[in-house]
Amino acid sequence: MEVSKPGRNLNGKTILITGGAGFIGSNLIHYLLRQYPEIKIINLDKLTYAGNLENLEDVASDPRYEFIRGDICDQNLVQEIFPRINGVIHLAAETHVDRSILDAGQFVLTDVFGTFVLLDALRRSLHVEYFLHVSTDEVYGSRDEGYFREEDALNPSSPYAASKAGADRLAYAYYVTYGLPIIIIRPSNNYGPYQYPEKFIPLFITNALDNLPLPLYGRGTNIRDWLHVEDHCRAIDMVVKYGREGEVYNIGGNNEVPNITVAEMICDFLGKPKDLIRFVKDRPGHDRRYALDCQKIRSLGWQPQIPFEEGLRKTINWYIENEGWWRRIKEKSQAFRAFYEAYYKEREVIKEVK
Ligand code: NAD
Ligand code: DAU
């Protein structure tokens, strides 16, 4: 383990978490409040279609937690918040690759310009001790063999990934140019509770529960490295405490699985027939495989703890036990329905699985 000096302290400090009402953000807020009795968290979230205060109902009256509804692109608001904080964990973003293919504008605005607004506020706030920028493994692009290391070139494929790559390098530029305390992480595909049901795993779980088709892109051979969100929260905690300024840390689940296998596991766990799976027209520019070399974060003392089979079972159970949560989104949210109809209507079935 590389850790030698005492880590940064989170207890007794105020952290700004952007995008805290989303999937990873709400899991992280729960995790940090459990972990640090004297932490103070400010959650700045615009509440886009992906933000949901239901995720945080149980902590809403916790005196250590404060919610501010607002946009990270709002320079005045962001500058008002910075004097009150000691650190930043920046998660807010537009995050769905398929939506970025339909319309990239909001991705460039939030993911790039919004990150600039935060970084610029950091430049004026020399008391802020760290700024953890949450990037993604998608910034590297796809590779058929081997593993991406942190120093590899970025080669993003989708408008989402390109926007995230812009933000990632902008954060790094603020470290190089102004010497600001910036740390960057590049996590792989997360899964777990509170994930918005447009994403692969929750979409397939909730469709299967309703005996609806499971639209698998292409031949289902694309590979993702699945990381349970709880393991990701532990990694964020580790990097905030011990990560070095100006460094990038890959965070992978060490768990590469082809999409077809994930889809079949979901059917098996739920006792549903595999012929619910439909091979549909592929995502344009669909990255074949993401894979990370995670030696660097491992040397800080972190490794994933939740095996995929166990994590997937727990996640499926969460969606079974929290049916109201996802039904309110899938059945009542215009943002969900409009996107689902627009994107999936044109994806004709190529082949059914027998
Ligand atoms: P999510 O879509 O579930 O949540 C995003 C949150 O950001 C929402 O609460 C939304 O309301 C908020 N938001 C969006 N635009 C905003 C704005 N302009 N101002 C303030 N808030 C805004 O996303 P997630 O899956 O939780 O991802 C969080 C972060 O982690 C993102 O930066 C994403 O790129 C990154 N990431 C996600 C994964 C994954 O598998 N989910 C993997 C790697 C990296
Ligand atoms: O790798 C990290 C990234 O993971 C994050 O940066 C993104 O924010 C997050 O959305 C996720 O991107 P992906 O595109 O990998 O995730 P998604 O859940 O959309 O898709 C996972 C895989 O499943 C991918 O190969 C596409 C496939 N898929 C997805 C959907 C929604 C299908 O086959 N059918 C589907 O309906």
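No value in this document is a laboratory result; all are computed from the given coordinates. Keep in mind the model is a prediction, meaning the values are calculated, not measured.
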Legend entry - Mean residue ellipticity (222 nm) of the chain, computed from DSSP H runs ≥ 4 via -39,500 (n - 2.57), nearest 500: -11000 deg cm²/dmol
Inset, instruction - Using a 10 angstrom cutoff on alpha carbons, build the Gaussian network for the chain and name the most mobile of SER100, SER188, SER163. - result: SER100
Legend entry - Cα extents of segment 36-156 along the three principal axes, largest first (Å): 48, 33, 30
Inset, instruction - Output the pairs from LYS13/LYS40; LYS164/LYS330; LYS46/LYS345 with a Cα-Cα distance over 18 Å in this structure; if there are none, say none. - result: LYS164/LYS330; LYS46/LYS345
Legend entry - Listed pairs LYS241/LYS296; LYS199/LYS314; LYS199/LYS296 exceeding 22 Å between Cα atoms: LYS199/LYS296
Legend entry - Cα Rg, Dmax, the chain, angstrom units: 19.6, 61
Inset, instruction - Quick one: check the C-alpha center-to-center distance for segment 1-62 versus segment 77-113, whole angstrom. - result: 16 Å
Legend entry - Amide hydrogen neighbours beyond the local backbone of LEU214, cut-off 5 Å, H modeled: ILE277, ARG278
Inset, instruction - Report, largest value first, the span of the C-alpha coordinates of segment 1-100 along each principal axis, in whole Å. - result: 43, 32, 29
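Once the cut-off is 23 Å, how many percent of the Cα-Cα pairs in segment 123-268 end up in the long-distance tail?
44 percent
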